[in-house]
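K.L.:
Sharing a structure, written as C-alpha cells. Questions coming.
Nothing in this text is a laboratory measurement; each read-out follows from the coordinates by a stated rule. The shown structure was predicted, so the numbers you read here are calculated from the model rather than taken from an experiment. So basically every Cβ, Gly included, is an ideal-geometry build from the backbone, and we count neighbours across all protein chains shown.
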Amino acid sequence: MLSNFTAKYRKIDSGYMGQIVEWPEVVTEGETIEECREMLEDALREMMLAFIDLKKEIPVGRVLYEPIAIEVPVAAEV
C-alpha cells in the first residue's frame, strides 16, 4: 500500500534537517538536500517497521495546513 507523507526541510549550519510533518519524531540531517531526503525516507521506513512490530498505529492524515498572515514589526518599533 502506498501512503503519502509530507517532508519539510530546513537549512542548518551542517547542511539540512528533514522532518516528516505528520510524524514529527521522524527527523534526520544530511550534508545535502539529496542526502537528507534519502536519510529521511530511510528513517520513515524504519519508524514504520518499529510501529508495526509494536502493533502501534502509524500516524497519517492528521495535518491541517493554514497560512497565517502577520505584520512583522520593524526593529526600530520594537
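K.L.:
Can you work out which of the residues in the range 1-22 that are surrounded by 10 or more Cβ atoms within 10 Å (Cβ to Cβ) and of a type in the set (A, V, I, L, M, F, W, C) is nearest to MET39 (Cα to Cα)?
P.N.:
Step by step, filter the range 1-22, then rank; the result is MET17.
K.L.:
So, one more: Quickly run through the range 33-74 and pick out the residues that are surrounded by fewer than 10 Cβ atoms within 10 Å (Cβ to Cβ) and among the aromatic types (Phe, Trp, Tyr).
P.N.:
Listed by number, the list holds a single entry, TYR65.
K.L.:
Something else: So, ARG37, is that one in contact (Cβ under 8 Å) with a residue 12 or more places away in the chain, of a type outside the set (A, V, I, L, M, F, W, C) and outside any strand (DSSP E or B) or not?
P.N.:
Values: in contact (Cβ under 8 Å) with a residue 12 or more places away in the chain: yes; of a type outside the set (A, V, I, L, M, F, W, C): yes; outside any strand (DSSP E or B): yes.
The answer is yes for ARG37.
K.L.:
OK, next. Could you pull out the residue among GLU38, GLU29, GLU22 that is on the phi < 0 side of the Ramachandran plot, more than 12 Å from the chain's Cα centre (by Cα) and not hydroxyl-bearing (Ser, Thr, Tyr)? Before you say what the answer is, go through the steps one by one.
P.N.:
On the way: GLU29 fails: more than 12 Å from the chain's Cα centre (by Cα); GLU22 fails: more than 12 Å from the chain's Cα centre (by Cα).
Criteria check complete, one pass: GLU38.
K.L.:
What is the residue count in the range 23-32 for residues that are surrounded by 10 or more Cβ atoms within 10 Å (Cβ to Cβ) and either basic (Lys, Arg) or within 21 Å of TYR65 (Cβ to Cβ) (or both)? First the steps, then the outcome.
P.N.:
Within the range 23-32, the first condition is being surrounded by 10 or more Cβ atoms within 10 Å (Cβ to Cβ), and the residues that meet it are 23-24, 26-32.
Of the ones still in play, those that are also either basic (Lys, Arg) or within 21 Å of TYR65 (Cβ to Cβ) (or both) are 23-24, 26-27.
Within the range 23-32, residues that are surrounded by 10 or more Cβ atoms within 10 Å (Cβ to Cβ) and either basic (Lys, Arg) or within 21 Å of TYR65 (Cβ to Cβ) (or both) number 4.
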